[in-house]
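A quick write-up on the structure given underneath.
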Amino acid sequence: MLILGGTAEARALATALAGLPGVSPISSLAGRVADPALPAGQVRIGGFGGADGLAGWLTGERIDAVVDATHPFAATISWSAAQAAATAAIPILALRRPGWNQGPGDDWRRHPSLSAAAQALAGLAADRVFLTIGRTGLAPFAGLDEHWFLIRSIEPPEAPLPPRRQVLLARGPFTVPDEVALMRQHRIGVLVTKDSGGPLTEAKLVAARELGLPVLLIERPPVPDVPAVATVEQARDWVALLAGTPAQPD
Ligand code: NAP
């Protein structure tokens, strides 16, 4: 069983599958982070060389099924996985956490891309920006020299970066009181984030609501049409069914 990982859900699934008789999960990480949180069990690190490389790897390792538990914005590997599983003629399941839902009091403005969000920023009165989109993809914001950015990422962000900025290296989960304090401390006027979903990084959205701040939310990229579930338990049950092992109670 190959788990394409790099997320908290992928790690939880590796732990859940490690206890299933007849199932040997191998977790795969891209190798982007120097000190990754490692899943339980066997782990491999690094790209496969596109869909063809992955298909060859699946066949060579005699993999029976794939769970794509990658981040919702990691679309390239999801498309590769769908194509490779079809080539290798093995089943694939996507474990996709739901996106965040706007609630009363939220001022969210959805944008289809990072470039669109950067353009929208130029038209906003708020000039102090909390940018939490990860360490890549910052180029569209690099030309905004009227704005000041608090850039938060786990690893140092990749150039080009906006000229007026402070970089904060931190890994979630974050709490609402801490996010409120951080945004107050830096007099943030607008939050820019991806619609990653999940509880680990949701606190910034609650904090923005409490402070009455607008949020520029980057919409998810298109993903392949493969069978999908939303929870680790559902993914574990799918594997258990394939392996002929009765599902365990939650
Ligand atoms: P991506 O754009 O979809 O993938 C780029 C390339 O990286 C893929 O073509 C593949 O190389 C390799 N790759 C990606 N995930 C892999 C995995 N789990 N195992 C082996 N190779 C992988 O992905 P990304 O956005 O750079 O994200 C990289 C990893 O970070 C993913 O595993 C994802 O779950 C995690 N992550 C991403 C984000 C985000 O915002 N994008 C946030 C949190 C975590 P080959 O073509 O050579 O196979």
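Check 45, 63 and return the single one that is among the hydrophobic types (A, V, I, L, M, F, W, C) and near the ligand (Cβ under 8 Å from one of its atoms). Exactly one residue qualifies, and that residue is 45.
Being of a type in the set (Phe, Trp, Tyr) and out of contact with any Leu (no Cβ under 7 Å at 6 or more places or on another chain), is that true of even one residue in the stretch 166-174? Checked against the condition, which is being of a type in the set (Phe, Trp, Tyr) and out of contact with any Leu (no Cβ under 7 Å at 6 or more places or on another chain), the stretch 166-174 yields at least one hit. Would the stretch 101-118 turn up any residue that is within 16 Å of the ligand (Cβ to nearest atom), out of contact with any strand residue (DSSP E or B) (no Cβ under 7 Å at 6 or more places or on another chain), modelled with pLDDT under 95 and open to solvent by 40 Å² or more (accessible area, probe 1.4 Å)? No, the stretch 101-118 contains no residue that is within 16 Å of the ligand (Cβ to nearest atom), out of contact with any strand residue (DSSP E or B) (no Cβ under 7 Å at 6 or more places or on another chain), modelled with pLDDT under 95 and open to solvent by 40 Å² or more (accessible area, probe 1.4 Å). Tallying residues that are near the ligand (Cβ under 6 Å from one of its atoms) and either more than 17 Å from residue 53 (Cα to Cα) or surrounded by fewer than 19 Cβ atoms within 10 Å (Cβ to Cβ) (or both) within the stretch 71-82 yields 5. In this entry, residue 68 passes the filter for residues that are among the charged types (D, E, K, R), open to solvent by less than 60 Å² (accessible area, probe 1.4 Å), within 23 Å of residue 230 (Cα to Cα) and modelled with pLDDT of 95 or more.
With the structure loaded, tell me whether residue 139 is within 11 Å of the ligand (Cβ to nearest atom) and free of Cβ contacts under 8 Å to residues at least 60 places away in the same chain or whether it fails that test. So residue 139 does not fit the description; no.
Restricting the stretch 1-58 to residues that are among the charged types (D, E, K, R), under 29 Å from residue 169 (Cα atoms) and surrounded by fewer than 19 Cβ atoms within 10 Å (Cβ to Cβ), the residue that is modelled with the highest pLDDT is 44.
Filtered by the rule that a residue be under 20 Å from the mean Cα position of the chain (by Cα) and in contact (Cβ under 8 Å) with a residue 60 or more places away in the chain, the stretch 117-136 gives 117, 130, 131, 132, 133, 134. Selection of the stretch 84-100 for residues being in contact (Cβ under 8 Å) with a residue 60 or more places away in the chain, within 16 Å of the ligand (Cβ to nearest atom) and over 16 Å from the mean Cα position of the chain (by Cα) yields 85, 92, 93.
The values are calculated or read from the model by the stated rules, or taken from the named source; none is laboratory data. This is a predicted model, so every value here is computed, not measured. Don't worry about glycine lacking a Cβ; one is built from the backbone with ideal geometry, like all the others, and counts go over all protein chains shown. Note: accessible area is taken over every heavy atom of the protein model, side chains too, but ligands, DNA and RNA are not part of it. Shrake-Rupley method; radii C 1.70, N 1.55, O 1.52, S 1.80 Å.
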